[in-house]
Structures are given as C-alpha cells and as structure tokens.
Amino acid sequence: MPHDYIATIGLEVHVQLKTRSKMFCACAVEYGAEPNTNVCPVCLGMPGALPVMNEEALKLTALAGLMLGCDIAPHCKFDRKNYFYPDMPKNYQISQYDLPICLDGAVPLHDLAYPKDAQKSIATPDKKVRLTRIHLEEDVAKSFHMESGTGIDFNRAGTPLMEIVSEPDIASPEEAFAYLTVLQQVMVYGGVSDADMEKGQLRCDVNVSVRRADTDKWGTKIELKNLNSISGVRRALAFEIPRQIEVLEAGGTLQQETRRWDDARGETVLMRIKESAHDYRYFPDPDLLPLEFDQAYVDALAKGLPELPDDKKARLISALGLSTYDASILVSEKSVADYFEKVAAGRDGKLAANWVINDLLGQLNKVGKDIENAPVSPDQLGAIIDLIKDGTISGKIAKDLFEIVWNEGGDPRQLVESRGMKQVTDTGAIEKAVDEVIAANPDKVEQARAKPTMAGWFVGQVMKATGGKANPQAVQALVK
C-alpha cells in the first residue's frame with residue numbers, strides 16, 4: 001500500500017514594477033514596442049556604461065513590502081549575480097543577495113482566492129503564507145525561438161523586477177493558486193504593478209518537494225519553470241507532486257533539478273541540474289552605493305498605503321450592508337471594485353451589487369469581455385437603478401432596458417421615454433387587466449380560493465398581459 005506523503009511548496013514570484021523607465025537607465029518601459037527600440041548602452045551592457053538607480057522602483061518595492069507586512073531594512077545593497085545567458089548582455093544581473101529591501105511579512109489566503117471547485121474543502125481556513133524576503137533586481141531580455149534561429153528583444157532588459165520569495169508554507173496546488181491570486185490583487189490595488197501574467201509582468205518559479213508523513217526530513221527540492229498562468233501553476237503541481245511520489249514509491253531517488261512545465265502535454269520535463277547560490281559568485285556591485293531607508297520616509301509611505309482588498313471588503317460589508325460573498329466578488333479585481341463604487345455612490349448598495357454581479361458580470365462572462373470594455377458604463381447602470389427606485393420602471397422592464405443599453409447604448413431615461421417603457425401605475429388600467437385574466441381562467445380562480453399561494457400565478461399572467469409594465473405591488477394587491 002502506498003505511504004502517505006506531504007508536499008512542501010515555496011514560490012518565487014517576479015513582479016515587473018509599474019515605472020516609466022528602467023531600473024538603471026532612462027529607457028522607457030513599454031510593452032509591445034518594436035523589438036530593440038527601448039535600449040541604450042546601460043541596458044545593453046556596453047563596457048563602461050554606468051547604472052543609476054530608479055528612485056520610483058525603490059519606493060514601489062518598499063510600498064509592496066509594507067502592504068504585505070514586511071520590515072523595510074534600514075540598510076541594503078545591490079549585488080552582481082554572475083552567469084552567462086544570451087538574454088543577459090552583461091553576463092551578470094544586478095540583484096540583491098544578503099541585504100534585500102524587505103524582510104518577513106505574509107500573504108493571507110482568503111476563501112474566495114482558492115479555485116472555485118476547492119472553496120468548499122479548504123484544508124486550512126484563514127491560512128497565512130510567510131514571506132522570506134522581497135528584493136529588487138533588473139529583468140532580462142526576451143528570447144524568441146523561430147524555425148531558422150533565435151532572436152532576442154532587449155526592450156525588457158533592465159525593467160525593474162521585484163522578487164517575492166515565500167517560506168515553504170504552501171501545502172497543495174490549491175493553496176499555491178490562492179497565494180498567487182491574493183498577491184496579484186495586492187500588487188494591482190497598490191499600483192505597484194499591472195501584474196498581467198500574459199504580458200510577463202508577473203512570473204512564477206515553484207520549488208516543490210515531497211516527504212513521507214512519518215518523517216520530518218525534508219524531501220529533495222525541485223524547481224518548476226515556464227509557468228505563465230495561475231491555473232498553470234496549479235496544473236503543474238497537480239502533475240509534479242504525484243510524479244515525485246511515484247518515483248519514491250518505486251524505490252527511486254530524486255535529485256535537485258530544474259524542470260520545465262509543458263502545458264500542452266500536461267507534464268514537467270527535465271531542463272538542467274539545479275545550480276546553488278555559490279555558482280553565481282555574488283559580490284557587491286562596485287558601481288552602486290549601498291542604500292539607507294530613512295525611518296521617516298518609511299513612515300510616510302506607510303501612512304499613504306492604499307485601501308487593500310481585505311479593507312475594502314470590510315468597508316463594503318459595514319457601510320453598504322453587503323454579504324461577505326458579494327463583497328468578496330466585488331473586490332476580487334480592482335477594476336470591478338472601482339466600477340461598483342461608481343454605481344453604488346449615493347444609491348442602494350445591495351441593489352447595485354446585485355446588478356453588477358448578476359447582470360453586468362454575468363453578461364461579460366458570457367461574451368468573454370473584461371469590465372474595462374463593458375458596453376454599459378457605471379453612469380448608465382446607475383441610471384437604470386434610479387429608474388427602478390423611483391418607480392418609473394419595473395424590475396422586468398429594467399432587464400429589457402439593460403439589454404438595449406448593452407447592445408445599442410444611449411441614455412436610459414431617454415430610452416424609457418422614447419420607447420414607452422414607463423411602468424403602468426394607473427390602477428384602473430391594472431384592474432382591467434386583472435379582471436380579464438380572472439375572467440379567462442375560472443378554474444384557476446377556484447384553485448386560488450382553496451390555495452391562496454396560487455395568487456402568484458395570476459400576478460405573473462397580469463404582468464405578462466401588460467408587457468411587464470404594470471406596477472408589481474399594485475398587481476399583487478388587486479389580485480389578492
């Protein structure tokens with residue numbers, strides 16, 4: 001019978017910072033620019049070119065650390081990490097080794113950060129994954145492999161890159177998914193990075209090992225590369241953990257190595273035997289002075305921290321009376337939260353939440369659009385809600401109006417006027433419709449007298465007969 005095994009996972013997450021220029025030169029940071037156009041002697045590693053630190057990148061790194069509860073080191077420095085790769089023109093990378101900017105901290109794993117299919121079976125609710133450090137370095141160039149050869153675009157070389165290193169606290173593919181989801185949210189909310197994995201602005205290396213449950217001795221650490229989505233990290237771990245267990249159960253041994261995730265084949269493939277830190281021959285960069293973070297500077301940054309998802313969720317629950325679930329959905333993406341707050345401003349928060357979550361997000365999911373490209377603006381959706389609240393239209397008419405605005409655009413109030421969509425509040429007209437429905441259905445009348453709940457059927461028929469324009473409350477009262 002196979003033994004029970006425990007997986008131990010740590011993540012190294014690289015986050016491109018949201019700066020206008022590169023880490024050590026004035027070249028623009030611009031995704032999608034023509035290859036090799038945003039380059040200069042510094043980021044191309046020309047002999048004699050001297051680096052100059054990007055102050056904004058230092059600030060954003062400290063800000064990220066404060067948002068994640070890190071200690072900002074009063075003293076830090078930059079080091080040279082020496083290795084040869086074709087995408088590193090200097091043959092060393094300016095990074096930080098023993099004195100990084102941020103130490104400790106943690107990432108809280110919220111229930112709704114887990115994959116949807118795992119949210120009802122969370123092993124450790126309210127878990128926090130500890131951080132080891134956050135350090136700052138420069139990104140490398142990007143290689144493009146073609147049939148006839150390999151091309152290199154140096155536009156990305158030198159982009160400020162923050163590396164967030166976790167402790168090996170993650171125990172499953174689902175926890176890794178939740179960790180990355182929360183980290184991405186925090187980076188976007190804080191304005192530190194757009195953290196778009198499709199654009200390479202957030203990249204992840206995974207260290208994973210397995211050990212038998214009856215031993216405290218850690219297993220052999222294996223690194224996984226080429227992970228370009230949060231769901232891809234989950235899939236890679238879901239393959240790699242059983243693979244390692246299978247090797248051990250068969251009496252084999254594991255070696256410390258780096259493996260590549262092949263998403264198309266759904267398996268990991270050996271790349272190389274893993275290097276150790278001493279292979280990089282770290283030493284302080286002689287061209288860059290050590291850094292000191294003044295406590296007053298750190299305190300000022302801490303006072304200006306943005307509202308993070310957890311804080312926003314708590315505020316929406318307390319101030320607007322939203323459910324925990326609805327608030328969690330709304331804060332899951334900053335763009336969704338911003339949209340909702342514009343719609344809810346001065347309005348019924350619960351009603352606004354229902355329309356944003358059920359109607360707007362539901363429709364966006366159907367057509368595969370994000371909220372930044374929603375055909376219905378916050379002002380338009382707010383106007384629809386206002387028309388419901390002031391009794392101009394019924395809930396059913398509001399659904400029809402939403403469809404019109406979604407497909408054709410326009411001012412909701414003007415559309416209601418021009419298309420005769422106003423709710424019928426004339427009791428005489430409603431009474432007539434009620435009388436006609438009752439007269440046409442004598443059998444249902446007898447059933448309703450014996451079973452009063454049948455009155456709802458008559459309400460539905462009257463609403464249908466009036467094209468949904470009758471005031472629902474007036475219909476219910478008259479039917480009863």
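Here is how the numbers come out for the structure above:
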item: Surface share of carbon and sulfur [accessible, 1.4 angstrom probe, percent] for segment 137-270; result: 48 percent
item: Estimated [θ] at 222 nm from DSSP helical runs (n ≥ 4, -39500 (n - 2.57)) normalised by residues in the chain, nearest 500; result: -11000 deg cm²/dmol
item: Segment 1-127 - Kirkwood radius from inverse mean 1/r over Cα pairs (Å); result: 18.4 Å
item: Listed residues LEU360, LEU289, LEU270 arranged by accessible area, highest first, probe 1.4 Å; result: LEU289, LEU270, LEU360
item: Interchain or long-range residues, amide H under 5 Å from LYS225's placed H; result: ARG259, ARG260, TRP261
item: Probe 1.4 Å, protein heavy atoms only - accessible area per residue of segment 283-327 in square angstrom; result: 62 Å²
item: Radius 15 Å from Cβ of ALA33, net charge of other residues (Lys, Arg +1; Asp, Glu -1); result: +1
item: Segment 112-219 - accessible surface per residue (Å², probe 1.4 Å); result: 44 Å²
item: Sequence ranges 11-23, 106-118, 178-190, 299-311, ranked by mean other-Cβ count within 10 angstrom, highest first; result: 178-190, 11-23, 106-118, 299-311
item: Radius 11 Å from Cβ of ILE357, net charge of other residues (Lys, Arg +1; Asp, Glu -1); result: -1
item: Distance in nm between pseudo-label sites at MET46 and ARG243 (7 Å out along the Cβ direction from Cα); result: 4.3 nm
item: Sulfur and carbon atoms: percent of accessible area, segment 1-64 [1.4 Å]; result: 56 percent
item: Solvent exposure ordering (accessible area, 1.4 Å, most first) of ASP153, ASP4; result: ASP4, ASP153
item: Percent RCO, i.e. relative contact order, over segment 1-129, from Cα pairs under 8 Å lying at least 6 residues apart; result: 17 percent
item: Lysines whose Cα lies under 23 Å from that of LYS313, excluding same-chain neighbours fewer than 8 positions away; result: LYS116, LYS120, LYS127, LYS128, LYS303, LYS334, LYS342, LYS350
item: Neighbourhood charge, 13 Å Cβ-Cβ cut-off, centred on PRO290 and excluding it, Lys, Arg +1 and Asp, Glu -1; result: -4
item: Between 0 and 90°, nearest 10: helix 334-344 axis offset from the chain longest Cα axis; result: 30 degrees
item: Derived scalar couplings ³J(HN,Hα) [segment 234-247; Karplus, 6.51 cos²θ - 1.76 cosθ + 1.60; whole Hz; x for Gly, Pro]; result: 4, 5, 4, 5, 5, 8, 5, 4, x, 4, 5, 4, 4, 4
item: Distance in nm between pseudo-label sites at ASP196 and ASP294 (7 Å out along the Cβ direction from Cα); result: 3.7 nm
item: Accessible area (Å², 1.4 Å probe, nearest 10) - GLU246; result: 130 Å²
item: Label-to-label distance, nm, for residues given as ALA28 and MET53 (7 Å Cα→Cβ offset); result: 2.7 nm
item: Free-standing Cys, the chain [no other Cys Cβ under 4.7 Å]; result: CYS25, CYS27, CYS40, CYS43, CYS76, CYS204
item: Exposure of GLU403 as accessible area (Å², to 10), given a probe of 1.4 Å and all protein chains; result: 80 Å²
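The values are calculated or read from the model by the stated rules, or taken from the named source; none is laboratory data. The structure presented is a predicted model; accordingly, all values stated were derived computationally and were not measured. Cβ: placed from backbone, ideal geometry, glycine included. Neighbour counts: every protein chain shown. The accessibility values were calculated without ligands, DNA or RNA, using every heavy atom of the protein model including side chains. Shrake-Rupley method; radii C 1.70, N 1.55, O 1.52, S 1.80 Å.
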